[in-house]
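Engineer: There's a structure below that I have some questions on.
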């Protein structure tokens, strides 16, 4: 029976790369089912995502063969089995709209993830976690205990062999060490009022200023606060008739949808890092 794989790669652009990759797959009895590529003329880099089926070689054998193939091209590549969902840990504080949305989508089979644990600095959602039969870890965080709390969080993440960490409205700033440990595999969501309206009540500030657009941004976590490579954004129009509660509800809706799309694309290996930006093969 054929197994399906996703190959993602990036390397300096040169002639014949598509031919070389397709030739490698042909030599290994790989049948291409979906393919997309992008040439970034600003950086001189080439990006490609290929989904293919292959019955002859195992995952480990293909990975080993790929390493030898990739070396002459200075190619960074990853190979993923389609049938293997990403082991995922969710982190949340006291706003549960994104958490609830992700759990429902996961349970409905709409996200290719395997949610292994939920970590929170509050107890608010332990019953929600229990209803999905997911382990819930309450780890309070204060200025005095931040280092110990993050060490415990990393212990859980590593213990679950998590390949993806989603900050589903986790309202704590991660330390530089934590950001480094989660580099390339942690996704955050926030409203798109930043940097204009900072603080705990951005929708009140936005309403007071009479904004006409509200939105959300999903991005990878880096040590530069809320400035990591952007995966997805969206906006919704509002007018003078909208109350603060209206803005908040619409904003939370937008946040949930944007985060869900970002998690979906990441879990399907459609997002490739391109310096401070991303290449997304939808």
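The values are calculated or read from the model by the stated rules, or taken from the named source; none is laboratory data. Predicted model only: the values in this text are computed from it and were never measured. Glycine also receives a Cβ, built like all others from the backbone with ideal geometry; neighbour counts cover every protein chain displayed.
Engineer: Taking region 66-97 as the region of interest, how many residues are touching a residue at least 40 places away in the same chain (Cβ under 8 Å) and not in a strand (DSSP E or B)? It would help to see each step written out before you state the result.
Structural biologist: Here is the first cut: in region 66-97, the ones touching a residue at least 40 places away in the same chain (Cβ under 8 Å) are 66, 69-70, 73-83, 85-97.
Now restrict to residues that are not in a strand (DSSP E or B): 66, 69-70, 73-75, 82-83, 85, 93-97.
The number of residues fulfilling the criteria is 14.
Engineer: Across region 82-106, what is the number of residues that are buried (at least 22 other Cβ atoms within 10 Å of the Cβ) and under 30 Å from residue 58 (Cα atoms)?
Structural biologist: So the count comes out to 3.
Engineer: Which of (1) surrounded by 15 or more Cβ atoms within 10 Å (Cβ to Cβ); (2) out of contact with any helix residue (DSSP H, G or I) (no Cβ under 6 Å at 6 or more places or on another chain); (3) under 22 Å from residue 104 (Cβ atoms) does residue 218 not meet, given it meets every other one?
Structural biologist: Going through the list (1) surrounded by 15 or more Cβ atoms within 10 Å (Cβ to Cβ); (2) out of contact with any helix residue (DSSP H, G or I) (no Cβ under 6 Å at 6 or more places or on another chain); (3) under 22 Å from residue 104 (Cβ atoms), residue 218 breaks only (2).
Engineer: List the residue pairs whose Cβ atoms are under 9 Å apart, where the first residue sits in region 124-149 and is outside the structural domain of residue 93 (by TED's automatic domain parsing) and surrounded by 13 or more Cβ atoms within 10 Å (Cβ to Cβ), the second is modelled with pLDDT under 95 and outside any loop (DSSP other than H, G, I, E, B), and the two are 6 or more positions apart or on different chains.
Structural biologist: No pair meets every condition.
Engineer: Residue by residue through region 232-255, note down the ones that are in a helix (DSSP H, G or I) and within 13 Å of residue 187 (Cβ to Cβ).
Structural biologist: 255
Engineer: Checking the condition more than 14 Å from the chain's Cα centre (by Cα) and either more than 20 Å from residue 99 (Cβ to Cβ) or assigned by TED's automatic domain parsing to the domain that holds residue 146 (or both), which residue from 232, 227, 255, 268 passes?
Structural biologist: 227
Engineer: Right, another one. Condition check: over 30 Å from residue 12 (Cα atoms) and buried (at least 16 other Cβ atoms within 10 Å of the Cβ). Does residue 260 satisfy that?
Structural biologist: Spelling it out, residue 260 is indeed over 30 Å from residue 12 (Cα atoms) and buried (at least 16 other Cβ atoms within 10 Å of the Cβ).
Engineer: A further question follows. Name the one entry in 30, 44 that is surrounded by 18 or more Cβ atoms within 10 Å (Cβ to Cβ), within 30 Å of residue 18 (Cβ to Cβ) and not assigned by TED's automatic domain parsing to the domain that holds residue 275.
Structural biologist: 30
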